[in-house]
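Read-outs: derived from the displayed coordinates by stated rules, not from any lab. Computed from a predicted model, the values in this text were never measured in an experiment. Because the Cβ atoms are built from the backbone with ideal geometry, glycine has one as well, and the counts that use them run over all protein chains shown.
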Amino acid sequence: MRFIEVLYRFIVIFQHTSQTCRRVLKNRRKYSMKMSKRGKRRKQHSFVTGIFKIVLCLFLKSIKLLFSFPIYLLKAMRLLFSFLIHLLKLMWQLFSFVMRSLKSLCLFFSFLIHLPYRIVKRLPNNSSKPVLPTLAEIDEMDGYKFEEFMKCVYEDLGYSVYHTPFSGDQGADLILTSKGKTKIAVQVKRYSGKVSNSAVQEVVAAKGFYKCTEGIVVTNSYFTDSAKQLAEANFIDLVDRNELEKLINTIHN
């Protein structure tokens, strides 16, 4: 737009100059007959001077326009570049707004999806716990089932339990590992009578074989006095019928 305005001004100046030249020529023809020879020469001289001034003025204005055109072009380029920068900023702000909106929508839908799960999770669990067998039912078990039962009991208490082979167990039916990496050898005896000191001897041997730091003998019955003395001398824990009942009640609670 600036360039067109400059071009328009140049055309107006040129038209004005042309009209001035025509007027001068017309006046010269009108008064040429009345002037003397000297006056005629002076008039010719002034006419040539005027034409020279006009041409010089047009030349200078052309030079000025020629040198001002790159400046106007640079200004136009600067305006265009500034417009592009503002356009890019606007597009980036629009993109950021769209991304934030999508993120908010995703969070909202995620909340709606997980809301039922959270509500159900916070509801009290009314499902009954699995019923552990009573001592009378334990008395009806065989030796292997009693070992499996004690494995489940110690797992519920937080131990990592290894069930040794049925034959060649080297005196331990279960190997317990606590969270503190303590290893315990367990001998399980389902007896109808009292357990003798042979069970204590077996778990003492198993402690050394399995490199355990503690030993336990568990039974659904009771221990003889010699078994209790041997266990006390070798730091072996004894779990008789009464202690087993307490253990089951602990899991129930």
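How many residues does the stretch 217-234 contain that are in contact with a helix residue (DSSP H, G or I) (Cβ under 7 Å, 6 or more places away or on another chain) and either among the hydrophobic types (A, V, I, L, M, F, W, C) or in a helix (DSSP H, G or I) (or both)?
Residues flagged as in contact with a helix residue (DSSP H, G or I) (Cβ under 7 Å, 6 or more places away or on another chain) and either among the hydrophobic types (A, V, I, L, M, F, W, C) or in a helix (DSSP H, G or I) (or both) within the stretch 217-234 amount to 6.
Is it the case that the stretch 242-252 has a residue that's without any contact (Cβ under 8 Å) to a residue 40 or more places away in the chain, out of contact with any Cys (no Cβ under 8 Å at 6 or more places or on another chain) and not in a helix (DSSP H, G or I)?
No, the stretch 242-252 has no match at all.
Would you check which residues across the stretch 197-253 are touching a Lys or Arg at 6+ places or on another chain (Cβ under 9 Å) and at positive phi and list them?
Within the stretch 197-253, just Lys211 meets the criteria.
Of the residues that sit in the stretch 160-181 and are more than 19 Å from Lys145 (Cβ to Cβ) and among the small types (Gly, Ala, Ser), which one is surrounded by the most Cβ atoms within 10 Å (Cβ to Cβ)?
It comes out as Gly171.
Here is a yes/no grid of residues against (1) free of Cβ contacts under 8 Å to residues at least 24 places away in the same chain; (2) of a type in the set (D, E, K, R); (3) not in a loop (DSSP other than H, G, I, E, B):
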position: Met141; (1), (2), (3): no, no, no
position: Phe149; (1), (2), (3): yes, no, yes
position: Cys152; (1), (2), (3): yes, no, yes
position: Val161; (1), (2), (3): yes, no, yes
position: Asp169; (1), (2), (3): no, yes, no
